[in-house]
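One structure below.
The values are calculated or read from the model by the stated rules, or taken from the named source; none is laboratory data. All values reported here derive from a predicted model rather than from experimental measurement. Counting neighbours? That spans all protein chains shown, and the Cβs are built from the backbone with ideal geometry, glycine included. The area values use the complete protein model at the heavy-atom level, side chains included, leaving out ligands, DNA and RNA. Shrake-Rupley method; radii C 1.70, N 1.55, O 1.52, S 1.80 Å.
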Amino acid sequence: MPLTVRAIPVLSDNYAWLLRDESTGITAVVDPGEAAPIERTLEQEGSGLDFILLTHHHHDHIGGTETLRTRYHAAVAGPAAEQHRMPHLDLPLNDNDRVKLGQSTGRVIAMPGHTLGHISYYFDQPPALFCGDTLFSLGCGRLFEGTAQQMFVSLARLRDLPDQTLVCCGHEYTLSNSLFATHVDPENPALRTRAEEVSALRDKGLPTVPSTLGLERATNPFLRAANADVLATLRKQKDVF
């Protein structure tokens, strides 16, 4: 049986992601920026929590970790390169390491740029990418620590993943991203359609994620950037847009 994936809104515009291996009931959460919404969800579902998977050290992605670890005795996994700035990691992870959730196995992909040690998790049943603040729907993360070259290489690592891969990112930024994307790529019909869909979803208070990697390849200007220089220019423009 496959992995099921559920977005849990936390803080003002973050998402944590609840993963459950349906064959075994093993459950994990990705990037719990606060604990209470995750605790409520687990209580409603009558579930425990086995793993906490962290993508990077920013507080809005790790803030609920210690509360959840204490309550559920969950093992904490995250980037080995950032463990000195994070809660204690039971499983420090490096590029191409594997994370096993019951019968579901995730691959760690090092994706520096937003932070230097940022990692993502890729599961293939169903294909789903938990990418923190590296790739957003119609955008990418700010370069707080890394370079445009690093971000370009990080995004290029996704080229071999299937189009149907769910893009499970860390924030509800799609509406503002769509305004910038249509500004820099106004003649893209797929982008115009996506922007209209995003506006309609947000008008109803509905989430715009997960997206799919195929949709991002067709519409996301950062993922479509031809080289690091183009990405750098886009990122500088977006930072002041």
Of the criteria (1) acidic (D, E); (2) modelled with pLDDT of 95 or more; (3) open to solvent by 50 Å² or more (accessible area, probe 1.4 Å), which one D124 fails:
(2)
Sort out which residues of region 210-241 are within 15 Å of the chain's Cα centre (by Cα) and open to solvent by 10 Å² or more (accessible area, probe 1.4 Å), and write them in order of number.
P210, T212, L223
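Check region 3-11 and report whether any residue there is assigned to a loop (DSSP other than H, G, I, E, B), within 17 Å of P207 (Cα to Cα) and touching a helix residue (DSSP H, G or I) at 6+ places or on another chain (Cβ under 9 Å). Walk me through it before giving the result.
Restricting attention to region 3-11, the residues satisfying the condition of being assigned to a loop (DSSP other than H, G, I, E, B) are 11.
Still in the running and within 17 Å of P207 (Cα to Cα): 11.
In the following step, the residues that additionally are touching a helix residue (DSSP H, G or I) at 6+ places or on another chain (Cβ under 9 Å) were identified as 11.
So far as region 3-11 goes, yes, one or more of its residues are assigned to a loop (DSSP other than H, G, I, E, B), within 17 Å of P207 (Cα to Cα) and touching a helix residue (DSSP H, G or I) at 6+ places or on another chain (Cβ under 9 Å).
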Inside region 189-203, can you point out the residues that are open to solvent by 10 Å² or more (accessible area, probe 1.4 Å) and closer than 24 Å to D160 by Cα?
A190, R194
With (1) closer than 24 Å to S23 by Cβ; (2) touching a residue at least 40 places away in the same chain (Cβ under 8 Å); (3) open to solvent by 30 Å² or more (accessible area, probe 1.4 Å) as the list, and R157 as the residue in question, which single condition is left unmet?
(1)
Determine the pairs where a residue that is more than 16 Å from A74 (Cα to Cα), located within region 33-57, has a partner that is surrounded by fewer than 17 Cβ atoms within 10 Å (Cβ to Cβ) and of a type outside the set (D, E) with Cβ atoms under 6 Å apart, the partner being 6 or more residues away or on another chain.
H57/R85
Where the second residue is among the β-branched types (V, I, T) and modelled with pLDDT of 95 or more and the first is within 15 Å of E187 (Cα to Cα) and lies in region 204-224, which pairs have Cβ atoms under 6 Å and are six or more apart or on separate chains?
P221/V184
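Within region 26-36, identify whether any single residue is more than 19 Å from the chain's Cα centre (by Cα) and more than 23 Å from S154 (Cα to Cα), and answer yes or no.
Of region 26-36, the ones more than 19 Å from the chain's Cα centre (by Cα) are 26, 36.
Then keep just the ones that are more than 23 Å from S154 (Cα to Cα); that gives 26, 36.
Scanning region 26-36 turns up at least one residue that is more than 19 Å from the chain's Cα centre (by Cα) and more than 23 Å from S154 (Cα to Cα).
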Meets criteria (of a type in the set (A, V, I, L, M) and open to solvent by less than 10 Å² (accessible area, probe 1.4 Å)) for L206:
no
So for region 174-188 (the condition being at pLDDT 95 or above, hydroxyl-bearing (S, T, Y) and crowded, with 22+ Cβ neighbours inside 10 Å), does at least one residue qualify?
yes
Condition first: touching a residue at least 40 places away in the same chain (Cβ under 8 Å), among the aliphatic types (A, V, I, L, M) and on the phi > 0 side of the Ramachandran plot. Can you find one or more residues in region 130-143 that meet it?
yes
